Amino acid sequence: MKTEPNKNLRQFQQVIEIIERNNHDKARLIPILQQIQDAYRFLPPQVLTYVATALDMPVAEVYGVATFYAHFSLEAKGKYVVKVCDGTACHVKGSSKLLDALYKKLKLNAEKHTTDDMMFTIEAVSCLGACGLAPVMVVNEKIYGEVNSKRCDDIIDTIIQQETAEQVN
């Protein structure tokens, strides 16, 4: 099977543009990685290698930054990243029940965090900084406070219904 000569170039076009916007500046590695993750929803290994080459940096240094910060992910995430706070206030108010409800509804578990259709990724996080709203759940950038298992199901059902409606239209 012959591959198109420009396929790799097209595959990395967003990365090339991000690096160019940041003037190929090694000191801007973290913002570059943040922008790439925003575009891809994770940091693919081949992209990290490309970034290292484009910035004239050792691949190990780029991987070191990508693995040091918890914000970065080397694994593909779903379209909807659901973060459940498991900080003290949320834990006391039942956040573990929310995780259990999400795992059951989406057929996931502590080892498998992303649905096969790449629609949802579930993450337990240490703190979301909204202790007064405990237990808290965030879907992408939208914050839901005082969530119980029923409301959790309703939130996921609403997202699924919206996605189904978008696919029909």
*Restricting attention to the chain, give the cysteines that have no other cysteine Cβ less than 4.7 angstrom from their Cβ.*
Cys127, Cys131, Cys152
*Return the distance in nm (one decimal) between the two label points of a simple spin-label model at Tyr103 and Thr164, each offset 7 Å from Cα along Cα→Cβ.*
2.6
*Any idea which of Asn109, Leu133, Ala60 is furthest toward the positive side of the dipole for the chain, if Lys and Arg beta-carbons carry +1 and Asp and Glu beta-carbons -1?*
Asn109
*Backbone HN-Hα couplings from phi across the stretch 74-90 [Karplus 6.51/-1.76/1.60, Hz, Gly and Pro as x]*: 9, 10, 4, 10, x, 4, 10, 9, 9, 9, 10, 6, 10, x, 3, 4, 5
*asked:* Could you order the peptides 20-27, 79-86, 114-121 from most to least packed, using the average number of other C-beta atoms within 10 Å per residue?
replied: 79-86, 114-121, 20-27
*Rounded to the nearest 0.05, what FRET efficiency do Met119 and Val92 give with R0 = 22 Å and r taken as the Cβ-Cβ distance? Could you check?*
0.10
*Sorted by packing (mean other beta-carbon atoms within 10 Å per residue), highest first, where do 64-70, 47-53 land?*
47-53, 64-70
*Using a simple charge model, +1 on the beta-carbon of Lys and Arg, -1 on the beta-carbon of Asp and Glu, nothing else, what dipole does the stretch 80-168 show about its Cα centre, in debye to the nearest 20?*
340
*Any idea what the dipole of the chain comes to, in debye rounded to 20, about its Cα centre with Lys/Arg Cβ at +1 and Asp/Glu Cβ at -1?*
160
_Give me the one-decimal nm value for the distance between modelled label points at Lys142 and Tyr69, 7 Å along each residue's Cα-to-Cβ direction._
2.7
*Non-local Lys pairs in the chain, i.e. 8 or more apart or on different chains, that have alpha carbons under 14 Å apart*: 9
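Rule-based calculations on the coordinates, nothing more; no lab input. Note that the coordinates shown come from a computational prediction; the quantities given were computed from them, not determined experimentally. Here Cβ is always computed from backbone atoms with ideal geometry, including for glycine, and neighbour counts include all displayed protein chains.
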